[in-house]
1. Could you grab me the full set of residues in the range 10-53 that are of a type in the set (A, V, I, L, M) and over 26 Å from Leu93 (Cβ atoms)?
2. Report yes if some residue within the range 102-110 is touching a strand residue (DSSP E or B) at 6+ places or on another chain (Cβ under 8 Å), exposed (fewer than 11 other Cβ atoms within 10 Å of the Cβ) and assigned to a loop (DSSP other than H, G, I, E, B); otherwise report no.
3. Need at least 3 residues that are surrounded by 12 or more Cβ atoms within 10 Å (Cβ to Cβ) and not hydroxyl-bearing (Ser, Thr, Tyr) per element, so show me which strands (runs of 3 or more DSSP E) inside the range 28-85 make the cut, counting only ones lying wholly within it.
4. Enumerate the pairs (first residue in the range 129-145 and farther than 14 Å from Pro192 by Cβ; second residue anywhere and outside any helix (DSSP H, G or I)) with beta-carbon separation below 8 Å, excluding pairs fewer than 6 apart on the same chain, so at least 6 apart or on different chains.
5. Among the residues of the range 35-51, write down those that are free of Cβ contacts under 8 Å to residues at least 40 places away in the same chain and either in contact with a Phe, Trp or Tyr (Cβ under 9 Å, 6 or more places away or on another chain) or under 27 Å from Asp96 (Cβ atoms) (or both).
6. Out of all the residues in the range 86-95, which are farther than 18 Å from Glu116 by Cα and either in the same structural domain as Gly59 (by TED's automatic domain parsing) or in a loop (DSSP other than H, G, I, E, B) (or both)?
Amino acid sequence: MAKVKLDENGLAKTDGTLTVYNFDEVSGEFTGSNDEYLAQGVGLPANACTTAPLITDSGHVALYISGCWQAVADHRGETVYSVNDGKAVLIDLPGDYPADTTPLKPATAWDKWDGEKWVTDPVEEKAAAIKEARELQAALIAEANSITQAWQTQLLLGIITDEDKATLTKWMKYIQSVQAIDINNAPDIIWPQKP
């Protein structure tokens, strides 16, 4: 079949085929090519052009934007991090990195972006360590209290065995040791061993 030539309005001058290059309606990304049959007076199908897409190197993709192919950075599948809060952002569209992101991953949950790199905020890191120590201290005491509750009742009623009384004493000393921990020393705390 004869190859078609288009007139100045983009319509086929005669019946025939023409190689067209298709692109995504939204992103402009090349989706493939095919030989399209055009009847005389008919134009190209939607989202198609007659110009072959650019050959791009790794890390770039050809997009049809404003009537021509352009090589655009392609970071899809990469994870970047918000410089405002350090949250991970998965890139799913072609183009440059989103504004206010960096490919550098923060090392801790308390890192702040200084314009060039992540810097750990020692005040927030210390506050988080103290909070974690406070929660662990409360959990250890609650666990010990649940273990010793029956023995304490038996002690009050005067029906505890000597063996259980000795075990209760060990647990009560453990509770005192846990209570005596200064959580302001977190994270450098050595917790006492359970009896």
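1. Taking the range 10-53 and keeping what is of a type in the set (A, V, I, L, M), we get 11-12, 18, 20, 26, 38-39, 42, 44, 46, 48, 52.
Leu11, Ala12, Leu18, Leu38, Ala39, Val42, listed by residue number.
2. Step one: list which residues in the range 102-110 are touching a strand residue (DSSP E or B) at 6+ places or on another chain (Cβ under 8 Å), which gives 102-108, 110.
So of that shortlist, the ones also exposed (fewer than 11 other Cβ atoms within 10 Å of the Cβ) come out as none.
Within the range 102-110, not a single residue is touching a strand residue (DSSP E or B) at 6+ places or on another chain (Cβ under 8 Å), exposed (fewer than 11 other Cβ atoms within 10 Å of the Cβ) and assigned to a loop (DSSP other than H, G, I, E, B).
3. So the answer is 30-38, 60-65, 68-73.
4. From residues that are farther than 14 Å from Pro192 by Cβ, the pairs are Ala129/Ala186; Ala129/Pro187; Ile130/Ala186; Glu132/Ala186; Glu132/Pro187.
5. Hits for the range 35-51 are Asn47, Ala48, Cys49, Thr51.
6. Kept after step one, since they are farther than 18 Å from Glu116 by Cα, are these residues of the range 86-95: 89-95.
Passing the criteria: Ile91, Asp92, Leu93, Pro94.
Every residue, every condition in (1) on the phi > 0 side of the Ramachandran plot; (2) assigned to a loop (DSSP other than H, G, I, E, B); (3) surrounded by 11 or more Cβ atoms within 10 Å (Cβ to Cβ), yes or no:
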| position | (1), (2), (3) |
| --- | --- |
| Lys126 | no, no, yes |
| Ala129 | no, no, yes |
| Leu136 | no, no, yes |
| Trp151 | no, no, yes |
| Leu156 | no, no, no |
| Leu168 | no, no, yes |
| Asn184 | no, no, yes |
| Lys194 | no, yes, yes |
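For (1) touching a residue at least 12 places away in the same chain (Cβ under 8 Å); (2) among the aliphatic types (A, V, I, L, M); (3) crowded, with 16+ Cβ neighbours inside 10 Å, each residue gets a yes or a no:
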residue	(1), (2), (3)
Ile159	no, yes, no
Asp164	yes, no, no
Trp171	yes, no, yes
Ile175	yes, yes, yes
Ile190	no, yes, no
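The values are calculated or read from the model by the stated rules, or taken from the named source; none is laboratory data. A quick note: this is a predicted structure, and the numbers were derived from the prediction, not measured. As a convention, Cβ positions derive from the backbone with ideal geometry for all residues, glycine included, and neighbour counts pool all protein chains shown.
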